[in-house]
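Heads up, the thing below is written out as structure tokens.
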Amino acid sequence: MSPAEPASWSHFWRSVRGYPLLVFLICLCGVSLENMDQAFFAYVLPQISKAYGWTVVERGWYLAVTFTLAGLCIAGLGVVTDRLGRKKVFSASMLVGSLFVAALYWAPTTLWVVVLRTLGFATGGIMSPVVGTIMVEESPPRYRGLLSGVLQIGYPVGWFLASLAALWVMARYTWREVFFVSLLSIPYMLVIQLFLKETRAFEAAKAARGAGTEDAPSFRELFSPAMRFRTIVLFFGEYFHVFAYGSTILLTAYFQEHRQWEALESVRLVGWSYGIGAVGYVIAAIVGEFLISRRDTIIVWAWLGSFAFAAMIWLAEAFWPTAVFYCLMTIFFYGTTAVKFTFIAESFPTRLRATGVTFSGSLAVNLGVATGPLALSYAVAHFGWNTAYTLCGILPIFASGMFFLSLPRKPLGIADETA
């Protein structure tokens, strides 16, 4: 896997300049815009709950339904991506996902909120595994983990941009107008069409299927004897990580409903913490690429994130101590994603990569982000916010690290790319 020439800045630049760097920038901008669009819902969730008269438990159920259905759709779209191509799905996601987010402005009832949120998250959410797959397949093997890992900062960058937009719009209009900002993402699909090519790995796999040497990818292969263990363990490692993350979607509500902070103050804290947390993604990608294995980085970052989360909930009370621990939580807990995606992607062969990533990755993500808020809602009703976050946030992060600990340090599915 390691080339004869040792890694250095000059070697890195020679390896990535030109098209690989262009691919990275196109994917980073696209996934940042997509995450910005999806974040608007979380930022105005307390206002949505009041407008439609949701209780805490009802809110948890509505989130569970939307994320579960969206997760199943994304898993299906992963198979479509392995059949139609990464570029087509990337471009279509940019258009359709943004339109569904904007349509939330007109949602007249709870049913319409659930329907539009499900469709918006499904068609927009497929972008993250797609651009990650593109980056894994177009990166120089020596720097695959670094580029695809740093690409994950699109998540906190998107949430940071969404907070700025939400603060500006909510200070002048109502929460509904926030959703219109998503329309600014649509023209970016022209950039994808003009400057991005389909990956060579996908074209080779497509040619092999056309020649009859390979069958079309399917979910059954993920559970073949050779792949079953890694598929299941990766799924649950990701699930518990995102179960905990799903509970943090309600942190804006936690700050407003439990700590009695103002709405704009809560949005500002969450948004800036995401922005600062992007540093953790970059550091995790560097550590996982050059210092220790990706698997070990996932474990260390997850467990440090759980400690910071516990300190934020149980030790910090004032705004600034809370902000410090929140930033540390995002740096480590959320930053795990920078290494985790690459590790999962490298665990599947090229021809099955998008299918594997959308199952062990995206399906697990959406089921986790569905059940996390639901479980937290019931726990809040019975035990209060702090105990609820201990059960539904802190402990699942630690459990996620234990699942990854059971896997080998070197992924099992990278031989066809690095041989």
Label-point gap, in nm, between L21 and E262 - each point 7 angstrom along Cα→Cβ: 4.4 nm
Rel. contact order, % - alpha carbon contacts under 8 angstrom, at least six apart, the chain: 26 percent
Sites F290 and E203, calculated FRET efficiency, Cβ-Cβ separation with R0 30 Å, nearest 0.05: 0.45
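Let me know the number of lysine pairs in the chain closer than 19 Å at the Cα, not counting same-chain pairs under 8 apart.
Eligible lysine pairs with Cα atoms under 19 Å apart amount to 6.
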For the range 366-408 versus the range 27-54, the gap between their alpha-carbon centres in whole angstrom: 21 Å
Note, ³J(HN,Hα) from phi for the range 172-177, Karplus 6.51, -1.76, 1.60, rounded to Hz, x at Gly and Pro: 10, 10, 10, 5, 5, 5
Helix-only CD estimate at 222 nm, as mean residue ellipticity for the chain, using -39500 (n - 2.57) per DSSP H run (n ≥ 4): -23000 deg cm²/dmol
Alpha carbon Rg of the range 118-181, scaled by the compact-globule rule 2.2 N^0.38 Å: 1.48
Low-density loop cleavage sites - trypsin sites (Lys or Arg not before Pro) in the range 83-146, where at most 16 other Cβ are within 10 Å (DSSP): none
Where a label projected 7 Å from the Cα of L95 along Cα→Cβ would reach, residues of the range 186-207 with amide N under 20 Å: 186-199
Exposure proxy order (Cβ contacts within 10 Å, fewest to most) of H258, H382: H382, H258
Protection proxy ranking, peptides 383-394, 148-159, average beta carbon neighbours within 10 Å, highest first: 148-159, 383-394
Estimated FRET transfer efficiency (A381, W106; beta-carbon r; R0 35 Å; 0.05): 0.65
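How many percent of all Cα-Cα pairs in the chain sit more than 41 Å apart?
Pairs farther apart than 41 Å: 10 percent.
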Estimated FRET transfer efficiency (R409, Y173; beta-carbon r; R0 35 Å; 0.05): 0.10
Highest-first arrangement of 91-101, 236-246, where packing means the average Cβ count within 10 Å: 236-246, 91-101
Distance between the range 288-362 and the range 119-144 - C-alpha centres, whole angstrom: 17 Å
Simple spin-label estimate for K88 and S224 in nanometres, 7 Å along Cα-Cβ: 2.4 nm
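Read-outs throughout are calculated quantities, based only on the coordinates presented, and are distinct from any laboratory measurement. This is a predicted model, so every value here is computed, not measured. Glycine gets a Cβ as well: all are built from the backbone with ideal geometry, and neighbour counts include every protein chain shown.
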